[in-house]
Amino acid sequence: MQFVRLVVFGFVILTVLYVCITYYSRSVRREKLENRWEDSPVEGMTRDDYIAKGMAKYESGLRKKLIVLVYIIPPIIIGTIIYFIN
Amino acid sequence: MRNIRRFLRIALFLIVGLFLHYVMPQQDIARVTSTEIIRTDFSTFNRMFYAQADAGAAENPTRDLRLINTERKATYFFGLIRGGNETMVFRNEDTGWIYPPYFKFDSSDLQAEAAASISTAQPYEWVIVRHYGWRIRFLSIYPNAVSVRPAPSEDYRPFPWINLVIFAVLIGGLLFLRAMWAQFRERTVDPLADRVGDQYDHVSADISERKGRVSRWLGTWRKKK
């Protein structure tokens, strides 16, 4: 019963964390693109196009997929603790 | 207002500090003198300091409690200063799946290990008892032993590597949360506040100039005078 509680609450908390990190990461990426545009605008491209293209690249990139680690690392840590304590 | 804020900050710091001191692992050099089991009825005051029944067992209002009686080296100031010997009684309970997150299920095995290292005759056999919690006599609570392993010598001082790692992770997590909050404020709250604030600003431009960003945002919710 305790185990079920841990899984349910853990899942809820990790989901909140996952959503927050997703938004944070996206926001940081957009800011970076904006700054890069301010520094050196690309010829023949509007600012919005440049940012949209960069964001599309981010959405399909590896960095975004790495956020799934939020769900993977805690169970690994818990498993390690269980192994070493018992 | 500033005093209230200062008070709240100190109170929060104290609560978090005490909580961490209670929950973090500590290592004592001790000599097991005996192990025993006592029946325990918990009161409303000390119930929160005990874990629950063994992981596979049912919870009842009263149950047996495993104790490990030891003589340990007294330590002060986070173990930096060593004192003489003192008695210390550890309880030995499963922490189970929830709190604190030690995931300890092997209380019976630990009790057997502790019993195996009972040392009452010279030369003494010293062990390192890893534990968390406090011994408060007037509440009848004991620190919970997590593991027992042989100590190289009586004067051995174990280094708290695990605490170091936990603190590093906690501080890193805190900084990350702060960065997240700053980003959220800068990119989401402030533009919104600026839009709303524009109407308000020309009424009291010089006042809002001196206010911080958050208080300016808070100001937009107040009634206009």
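So what J values fall out for the range B:19-35 if you push phi through Karplus, 6.51 cos²θ - 1.76 cosθ + 1.60 with θ = phi - 60°, rounded to Hz, Gly and Pro as x?
The phi angles translate into 4, 5, 4, 6, 8, 5, x, 10, 10, 10, 8, 9, 10, 6, 9, 6, 10 Hz.
Just the number, please: Stokes-Einstein D of the protein assembly as shown in µm²/s, Kirkwood Rh from C-alpha pairs, 25 °C, 0.890 mPa s.
Rounded, D is 100 µm²/s.
What lysines could a cross-link reach from B:Lys223, if we take a straight Cα to Cα line under 29 Å and drop same-chain neighbours fewer than 8 places away?
Cα-Cα hits under 29 Å: B:Lys211.
Pick out, in residue order, every one of the chymotrypsin sites (Phe, Trp or Tyr not before Pro) in the range B:50-114 that is DSSP loop and has at most 12 other C-beta atoms within 10 Å; say none if there are none. Please report the intermediate quantities before stating the final value.
On the way: sites: B:Tyr50, B:Tyr76, B:Phe77, B:Phe78, B:Phe90, B:Trp97, B:Tyr102, B:Phe103, B:Phe105; in loops: B:Tyr50, B:Phe77, B:Phe78, B:Trp97, B:Tyr102, B:Phe103, B:Phe105.
The qualifying sites are B:Phe77, B:Phe78.
Leaving out same-chain residues fewer than 8 places away, which aspartates and glutamates sit with a Cα under 16 Å from that of B:Lys73?
B:Asp28, B:Glu86, B:Glu125, B:Glu154, B:Asp155
Give me the angle, in degrees from 0 to 90, between the Cα long axis of helix A:47-59 and the longest principal axis of the Cα atoms of chain A, rounded to the nearest 10.
Approximately 30 degrees, to the nearest 10.
Net charge within 11 Å of B:Ser119 by Cβ-Cβ distance, Lys/Arg positive one each and Asp/Glu negative one each, not counting B:Ser119 itself?
Net local charge, B:Ser119 excluded: -1.
Report the Stokes-Einstein translational diffusion coefficient (µm² s⁻¹, integer) for chain B, Rh taken as the Kirkwood radius over Cα pairs, at 20 °C with viscosity 1.002 mPa s.
Result for D is 99 µm²/s.
With no solvent and one equal point scatterer per Cα, compute the Debye intensity ratio I(q)/I(0) for the range B:25-158 at 0.12, 0.13, 0.16 Å⁻¹ and report its log10, rounded to two decimals.
Debye intensities relative to I(0), on a log10 scale: -0.45, -0.53, -0.80.
Quick note: the coordinates plus some simple rules give every number you see, no bench work behind them. What you see is a predicted model; the values in this text were computed from it and never measured. Glycine gets a Cβ as well: all are built from the backbone with ideal geometry, and neighbour counts include every protein chain shown.
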